[in-house]
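Working notes, beginning with the structure itself.
No lab work stands behind these numbers, since they all come straight from the coordinates. For clarity, every value in this text was computed on a predicted model and none was experimentally measured. Counting neighbours? That spans all protein chains shown, and the Cβs are built from the backbone with ideal geometry, glycine included.
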Amino acid sequence: MLTYPVIDPVALQIGPLAARWYGLMYAVGFGAGWWLARRRAARPGSGWTALQVDDLITWLVVGVVLGGRIGYVLFYDLPYYLANPIEMLSIWRGGMSFHGGVIGVVLVSWLYGRSIGKNLLEVGDMVGPLVPPGLLAGRIGNFINGELWGRVTDVPWAMVFPTGGPLPRHPSQLYEAGLEGLLLFLIIWAYSAKPRQRGAVGGLFLLGYGSFRFFVEFFRQPDAQLGFVALDFFSMGQLLCVPMIALGAYLMWRKIPATAKA
């Protein structure tokens, strides 16, 4: 068993002002996405300008934050928030849904794409490779906070989390950081290095994330207020991954007539 490295969730504090690691991880994720988007836009024939990238990232920040929060409220704890509506605004207390964030990103990508004459698939192909670094940073933030830990286990790398009781658990945050963050980024970045059918890069992200998240959920402790939601075996996170996997597979392997625009 490994010792959980207890880290102060507050990275820096000056008087009443505190910068928490979790918030800093969000900033790192968006910063990495902006830098990568600028690199992609600089490729010959990318069809994107630096100004468009800057505006896109701004829209994505809005989509991630609003979609992530609304998604958590709707998917994971709606009865509580209906009884305590003011708590919906307390984002600093945690409670963000990645799947809700995806819906928010899709919506703002569609709206921004319309404003610059690009369809949703074009914007999705730009956004897809930008997301995994943010996931990597976010899961490290979860690990530092000692939250979203895994199920009880006896594997040699298990850890006892301060808020997870006395038994050792899977460090599932690190599993997600490695699979949904680092590995998925490497796969998508390599895949997108060559011209692909429109929608295929975004589809690879949906397929890859959905598959990795579905797998890791077998090691992650289900949310206490929900437990297993299907067949006493599958979690809410897994159910939400199914449409992502299906749509991603469709976008990657759909057949487009030679006379049609991708």
* Structure fact -> Which residues qualify? For R20, with a placed amide H closer than 5 Å and at least 5 residues away or on another chain, they are A11
* **Principal-axis tilt of helix 131-145 within the chain, Cα atoms, nearest 10 degrees** => 10
* V160 long-range amide H proximity, modeled H, under 5 Å -> Y4, R169
* To the nearest 10 degrees, how steep is helix 21-41 against the longest Cα principal axis of the chain, on a 0 to 90 scale? -> 20
* Structure fact -> Between F234 and residues 5 or more places away or on another chain, the pairs with built amide H atoms under 5 Å apart involve V229
* To do: Give me the net charge of R39's neighbourhood, meaning all other residues with Cβ under 15 Å from the Cβ of R39; Lys, Arg count +1, Asp, Glu -1.
  => +1
* Asked: Using a ≥ b ≥ c from the Cα gyration tensor of segment 127-220 (square roots of the eigenvalues), is it rounded, prolate or oblate, where a/c under 1.5 gives rounded and otherwise the larger of a/b and b/c decides, a/b for prolate?
  -> prolate
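What relative contact order, as a whole-number percentage, does segment 1-152 give when Cα pairs under 8 Å and 6 or more residues apart are counted?
Answer for segment 1-152 is 32 percent.
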* **Summed side-chain charge close to P79 - residues other than P79 whose Cβ falls under 15 Å, Lys, Arg +1, Asp, Glu -1** => -3
* Asked: In percent, what relative contact order does the chain have, based on Cα pairs under 8 Å that are 6 or more apart in sequence?
  -> 19
* To the nearest 10 degrees, how steep is helix 236-253 against the longest Cα principal axis of the chain, on a 0 to 90 scale? -> 20
* Asked: With each pseudo-label sitting 7 Å past Cα toward Cβ, what's the L12-Q197 distance in nm, one decimal?
  -> 4.7
